[in-house]
Amino acid sequence: MAAAVALEPWVQAAPRRRRSAAARRPRRREAEVGGREAEPEADSGVVLRRLREAQGDLLVSDFWSAALETISQCLTKQLGQLEAPVGTLSDALGNLHLTSPDEQDVAPDPNPGEALVRGVCHIKCVCYGIGSFATCVTARTQLAFLLLFLEKCQIPRSHCWVYDPLFSQLEIAVLHSLGVTVLPENEEGKRSICGQPTVFYMPHCGTALYNNLLWSNWSVDALSKMVIIGNSFQGLEERLLTRILQKNYPYVAKILEGLEELELPQTPQYTDTFNDTSVHWFPAQKLEQLSRDVWAFGEEPEYQDCEDLEIIRKMTIDPVADLHSLQCTSPAEVLLG
């Protein structure tokens with residue numbers, strides 16, 4: 001998967017620390033070539049076994065422990081501003097025993113972690129754009145990360161919703177067996193959190209997806225309850241011309257001064273899987289300092305004049321044209337909602 005952004009010459013947008021373009025830019029074709037397996041889609045047992053193996057590899061990696069620490073820092077701060085019982089979350093993150101994939105069944109406990117989650121403000125999780133994890137190593141690793149994250153934070157899998165319009169029937173069945181909820185239709189990312197603290201996990205999705213999500217929750221109250229794990233917003237600002245960012249993705253452009261961002265660590269083992277990925281949260285104090293004009297803007301995104309937009313629209317797919325366009329592109333690389 002890779003961020004569906006139109007690469008533009010760099011501009012001096014703000015005095016922020018910069019990294020090289022190669023380090024920031026999601027790697028698209030390289031990840032696809034190296035990540036897709038030669039064999040056809042297997043049965044559910046094989047897919048689940050491969051998923052357990054991906055979890056095991058993550059658990060023993062330096063990347064996993066460092067990434068979880070980064071995410072927990074943001075969650076603790078975000079829940080703290082909501083006057084949530086942060087100590088309970090900290091205990092969960094620090095003390096929860098993670099069994100190895102060989103020690104645990106793939107199917108979850110009917111109510112895993114319910115007692116603890118009741119004290120952690122009922123955090124929910126929404127995942128967009130994982131892609132074809134049955135046949136793509138990169139997608140499978142990203143799904144394995146999601147499952148480990150849910151377990152470590154003791155968020156019940158029943159509190160997690162996932163969607164990719166190109167999931168196969170086998171993958172949908174596997175996800176159901178894992179205990180997560182597969183959304184029945186393409187929301188194009190336009191999902192309101194309805195007042196519930198929510199983590200959105202959407203690595204390497206297109207910029208329009210983040211823009212749609214922000215529009216759907218465009219208020220201090222809603223944004224302050226959200227955490228987004230996905231493409232670096234700072235990286236988007238650096239790569240896109242200011243006029244392009246403001247015209248095509250106005251909600252991303254307007255929120256840049258109202259968020260805090262921590263990048264996930266980079267390790268050689270997972271360079272193509274989690275490059276350009278950051279954790280974003282929205283401090284209420286920063287949001288309240290934004291001008292009234294920022295919050296008065298509320299037009300629904302349309303992208304009619306947006307070039308190189310990668311998005312699978314709801315009910316607008318031409319199967320023949322879509323198949324041709326995706327021959328060299330992983331399903332999870334496309335902007336999904």
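Assorted remarks:
- Residues of the stretch 275-303 that are buried (at least 16 other Cβ atoms within 10 Å of the Cβ), polar (S, T, N, Q) and assigned to a loop (DSSP other than H, G, I, E, B): ASN275 alone.
- Any hit, the stretch 165-175, residues being β-branched (Val, Ile, Thr), outside any loop (DSSP other than H, G, I, E, B) and at pLDDT below 95: no
- Across the stretch 41-56, the qualifying residues are those that are in contact (Cβ under 8 Å) with a residue 40 or more places away in the chain, of a type in the set (D, E, K, R) and assigned to a helix (DSSP H, G or I), and the one among them that is farthest from PHE167 (Cα to Cα) is GLU53.
- The set of residues from the stretch 221-234 being crowded, with 20+ Cβ neighbours inside 10 Å, within 18 Å of GLN285 (Cα to Cα) and not hydrophobic (A, V, I, L, M, F, W, C) comprises SER224, LYS225.
- Being closer than 23 Å to THR277 by Cα, over 15 Å from the mean Cα position of the chain (by Cα) and surrounded by fewer than 17 Cβ atoms within 10 Å (Cβ to Cβ) holds for only one residue in GLU237, GLU260, GLU185, and it is GLU260.
- Of all residues in the stretch 266-279, those that are touching a residue at least 60 places away in the same chain (Cβ under 8 Å) and touching a Leu at 6+ places or on another chain (Cβ under 7 Å) total 3.
- The listed residues are VAL106, VAL117, and the only one of them that is crowded, with 17+ Cβ neighbours inside 10 Å, modelled with pLDDT under 50, of a type in the set (Val, Ile, Thr) and touching a His at 6+ places or on another chain (Cβ under 8 Å) turns out to be VAL117.
The values are calculated or read from the model by the stated rules, or taken from the named source; none is laboratory data. Values in this document were obtained by computation on a predicted structure and should not be read as measured data. So basically every Cβ, Gly included, is an ideal-geometry build from the backbone, and we count neighbours across all protein chains shown.
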